[in-house]
Amino acid sequence: MSSDQFTLSVIIPAWNESDYLPDTLASLEHAIQSLPNEVACEVIVVDNASSDNTRSIALSRGACVIFEPERRIARVRNAGAEAAKGDGLVFLDADTRIRATHLTAVVAGLRAGLAGGGVPIDFDHLEGVLQRAGLRAWNALSRRAHWAAGCFVFARADLHRAVGGFSEEVYAGEEIAYSRALKRLAQYQGRGFRILDIQPVVSSSRKITWFRPWQHAIVLLTFLFFPWAGRFKRLTWFWYHRPHDG
């Protein structure tokens, strides 16, 4: 990486995200405006065979749009990275809003030698003690284990390629395997993989609304007692099914 010029590629997987993508892109545009002049940023929206106007929304906001038909989130993320030209990569969910501090911290971290990392997360609407406790537990585990949440993961582009990108053997949990792989490579190279000490990004709490508590419990227990569940699409319905899909 040049010490003067730096390019950041923000990759947004999107399947039928017309309800959330406008706010995400608006927050991203504002964040990009605060980057220093020597930092360029490209925005890549990966249209995952959407049937709504996700593509037209992305194009109208100046994003580069590529098409990936396979419904497997790891493949969608990797497709975006393959099209990216940046020195650094940020994988941002289509329902996640960021601030300028997130991008500036990522650029500073990568320039300082980090291999990659993540940030704390928050949700736009939480009800009850259990939901808030679960969020606190995840953020604590994320920091301790150096696991980046899938809604915001960043990495050096060359090291993303070195670890083979996200594992396409799984339908869910790919961000955990990715974090582990980058952490191992970072340790070998004397670098770091870190959850940045910064304000959280804010994601939609839609899955909390869409699914009942017992359904969340089933997902948690499935992955607790069967860690390989992510390899099977039928067992990862939580990430690929929306109630209004029927």
Cβ contacts < 6 Å: first residue under 14 Å from residue 112 (Cβ atoms), restricted to the range 194-207; second residue basic (Lys, Arg), any location; separation 6+ or different chain. Result? none
Being part of a helix (DSSP H, G or I) and surrounded by 19 or more Cβ atoms within 10 Å (Cβ to Cβ), is that true of even one residue in the range 29-49? yes
If you check residue 154 against the conditions, is it aromatic (Phe, Trp, Tyr) and over 24 Å from residue 6 (Cβ atoms)? no
One residue from 61, 77, 72, 97 being at negative phi and surrounded by fewer than 18 Cβ atoms within 10 Å (Cβ to Cβ): 61
Would you confirm whether or not the range 148-166 contains a residue that is under 16 Å from the mean Cα position of the chain (by Cα), of a type in the set (Lys, Arg), surrounded by 20 or more Cβ atoms within 10 Å (Cβ to Cβ) and under 26 Å from residue 48 (Cβ atoms)? yes
Conditions (1) within 24 Å of residue 123 (Cβ to Cβ); (2) modelled with pLDDT under 95 -> residue 179 fails only (2)
Quickly run through the range 228-246 and pick out the residues that are of a type in the set (Phe, Trp, Tyr), touching a residue at least 40 places away in the same chain (Cβ under 8 Å) and open to solvent by 70 Å² or more (accessible area, probe 1.4 Å). 232, 239
Could you run through the range 190-227 and say how many residues are loosely packed, with under 13 Cβ neighbours inside 10 Å and within 23 Å of residue 110 (Cβ to Cβ)? 2
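The values are calculated or read from the model by the stated rules, or taken from the named source; none is laboratory data. Owing to the predicted nature of the structure, the values given are computational and were not obtained by experimental measurement. Note that we place each Cβ from the backbone using ideal geometry, even for glycine, and neighbour counts take in every protein chain shown. Please note that ligands, DNA and RNA were not included when accessible areas were found on the heavy atoms of the full protein model with its side chains. Shrake-Rupley method; radii C 1.70, N 1.55, O 1.52, S 1.80 Å.
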